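Everything below concerns the one structure shown next.
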Amino acid sequence: MQRTSFGHMACSIARTLDVIGEPWSPLILRDIWVGMSRFDQLQADLGISRKVLTERLNHLVEQGVIDRHPYDNRPRYEYRLTPKGTELVDLLMVMTAWGDKWLSGQAGPPVLYRHHACGEISHVDLRCAHCGEPMHAGDIDPLPGPGAAVA
């Protein structure tokens, strides 16, 4: 199926969507992050067709988000996050925090995160890299950057 390409837009959100904007891609990254590295594991967990999974995995490899590593003599591979892919998991953690807050209902969050450094159950907290204060949409002014589209 032909996808709309956003990679040419002067917008970091659009460019990120060009990499992981198809709905299966974040779920594939999540599964690889939690240790499901083989095709059959991914297919079984997601219930996705072999064709769609193959297309998504190929796209994520082409984008440099995951790598393929052969694990036997047949053409079978396991998939691992690259550093670029590992940083995308940070984005998924922010999405998880939003979903936990607004969509988990009375049952509560389906997954908890234990922080390695302190051992406590925690969640993502966006902070300014300069001053350390909370940083949310209402706390910033978007300004044109050096890569902004020229009007």
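The values are calculated or read from the model by the stated rules, or taken from the named source; none is laboratory data. What you see is a predicted model; the values in this text were computed from it and never measured. Here Cβ is always computed from backbone atoms with ideal geometry, including for glycine, and neighbour counts include all displayed protein chains. Side chains included, ligands, DNA and RNA excluded: accessible areas come from the protein's heavy atoms. Shrake-Rupley method; radii C 1.70, N 1.55, O 1.52, S 1.80 Å.
For the chain, the spread of Cα coordinates along the three principal axes comes to 53, 46, 29 Å, biggest extent given first.
Hey, if we sort H123, H116, H136, H69 by accessible area with the 1.4 Å probe, largest down, what's the order?
Numbers: H123 135, H116 180, H136 90, H69 55 Å².
Sorted descending by solvent-accessible area, the residues read H116, H123, H136, H69.
Mind checking region 46-125 for GluC sites (Glu not before Pro) that DSSP puts in a loop (not H, G, I, E or B) and that have at most 12 other Cβ atoms within 10 Å?
Details: sites: E55, E62, E78, E87, E120; in loops: E120.
Filter output for region 46-125: E120.
Global size of region 1-74: 13.2, 44 Å for Rg and Dmax (C-alpha atoms, Rg to one decimal, Dmax whole).
On the basis of the beta-carbon distance and an R0 of 41 Å, D90 and K51 show a calculated FRET efficiency of 0.85.
Considering only alpha-carbon pairs that sit under 8 angstrom and 6 or more positions apart, the relative contact order computed for region 5-123 is 18 percent.
Using 0.36 nm per residue and subtracting the Cα-Cα separation, the extra length available between A149 and R80 on full extension is 21.4 nm. Of W33, W24, the order by accessible heavy-atom surface (1.4 Å probe, DNA, RNA and ligands excluded), from most exposed downward, is W33, W24.
Counting only protein heavy atoms and a 1.4 Å probe, the chain has 73 square angstrom of accessible area per residue.
Ignoring any ligand, DNA or RNA, what whole percent of the accessible area of region 69-151 comes from carbon and sulfur when the probe is 1.4 angstrom? It would help to have the intermediate numbers written out before the result.
Details: 4150 of 7070 Å².
Roughly 59 percent of what the probe reaches on region 69-151 is carbon or sulfur.
Taking label positions 7 Å along the Cα-Cβ direction at both H115 and I13, the computed distance is 2.8 nm, reported to one decimal. In region 36-87, which trypsin sites (Lys or Arg not before Pro) are in a loop and have at most 15 other Cβ atoms within 10 Å, using DSSP for the loop call? Filter output for region 36-87: R76.
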